[in-house]
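Here's the structure we're looking at; comments come further down.
The values are calculated or read from the model by the stated rules, or taken from the named source; none is laboratory data. Predicted model, so just to flag it, every value in this text is computed and none were measured. Glycine also receives a Cβ, built like all others from the backbone with ideal geometry; neighbour counts cover every protein chain displayed. Each accessible area value is taken on the protein alone, full model and side chains, heavy atoms only, with ligands, DNA and RNA left out. Shrake-Rupley method; radii C 1.70, N 1.55, O 1.52, S 1.80 Å.
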Amino acid sequence: MIVYLDLLILDNFCADAALLYCAVKTVKGSAGLIRILLVSLLGTALGVGYTIFTLYYTVPVAVDIIIKYGVAAILPFLAAKFKRKRTYVLCSLAFIGYMFAFAGLLTAFFSQAEMAKQGALTYTIAGLPSGVLVGACVFFAFAAVKICSHLMRHGKAISASFSCKLVLEGQSVETKGFIDTGNRLCDKRGKPVAVAERSVVLALLKDRLLTGHTPSEKIAVHTVNGISLMTAFKIDALEIYYENRANIIEDVTIAVSPQPLAGEYGIILPPPFAREEEFENRR
């Protein structure tokens, strides 16, 4: 067996650096380039040293797995600083996950089937120039960070609770709201509808609801028991606050829930109301 140390070192270093960068950025760690490169250099030294060791000595399969994945789990602990301890564990899991994903991609595109001495069919990476691997590392890191950033921005908004203010002709009421991805209600204009608890609506409308001076419409709600109708009306604005930022939506339709809402929330928001890119520094 011939081992080209220059290619082995370069390939390991580039792969470790790219995957560590992805893992740290995924869990929102401080990805200092120098620190990641130094840790990648350490990982390369351990990996190359272990590879040379296994050329001369046989290592039991169980021990081999423990060593490889043990080192893979430890490297992210050294690559960045995190505010919470559990983030270190998440970073290690992300690093190992990226290892499997990256190795799977390389195997899919550059694998070659071979018959081992024991008759087992194995797959090896064949005909893969080092420059291609380096380029693949860079592309993988760039794509993974972009995809994770997009998913985290989306998930961040739909998983959070919000402070909300309903405004109508000078009157306002504040309540807690949350995003329900199952809220797909739309008014007759085709715009998303928020669902408020009856007590919140009464506090906002007061005598207006009882005297019938507020125009309303009926919105159909499809449930397992069939179709029911909810009364809905328009308000001047719905202000949604999140992390010192606000998304102020004008001319919003609010439906009145016939049943009390679960938990401490007074209004159910549709997903489009809480897209992170809609929030501005207004508070």
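Cross-linked pairs LYS25/LYS81; LYS165/LYS218; LYS188/LYS218; LYS146/LYS176; LYS28/LYS81: Cα-Cα separations exceed 21 Å for LYS165/LYS218; LYS146/LYS176. Between amide H atoms placed 1.01 Å from N, distances below 5 Å from LEU168 occur with ASP236, all of them 5 or more places distant or on a separate chain.
Take ASP11: with every protein chain present and a 1.4 Å probe, its accessible area is about 40 Å².
Computed with a 1.4 Å probe over protein heavy atoms only, the accessible area of GLU278 comes to about 90 Å². Computed with every protein chain present, the accessible area of PHE279 is close to 20 Å² [probe 1.4 Å].
Around the amide H of LEU185, modelled in the peptide plane, lie the amide H atoms of VAL193, all under 5 Å away and 5 or more residues distant in sequence or on another chain. Spin-label model, TYR69/GLU280: points 7 Å from Cα along the beta carbon direction are separated by 5.0 nm. Summing +1 for each Lys or Arg and -1 for each Asp or Glu among the other residues whose beta-carbon sits under 14 angstrom from that of ALA72 gives -1.
Taking all protein chains together and a probe of 1.4 Å, list VAL89, VAL39 from the most accessible to the least accessible.
VAL89, VAL39
Length gained on full extension, LYS146 to PHE100: 14.7 nm, using 0.36 nm per residue less the C-alpha separation.
With an 8 Å Cα cut-off and a minimum separation of 6 or more residues, compute the relative contact order for the range 41-105 in percent.
Computed over the range 41-105, the figure is 29 percent.
Rounded if a/c is under 1.5, else prolate if a/b is larger than b/c, else oblate: which is the range 31-106, with a ≥ b ≥ c the root eigenvalues of its Cα gyration tensor? Since a/c reaches 1.5 and a/b is larger than b/c, the shape of the range 31-106 is classed as prolate. With a Förster radius of 22 Å applied to the C-beta separation of SER228 and LYS191, the computed FRET efficiency comes to 0.60.
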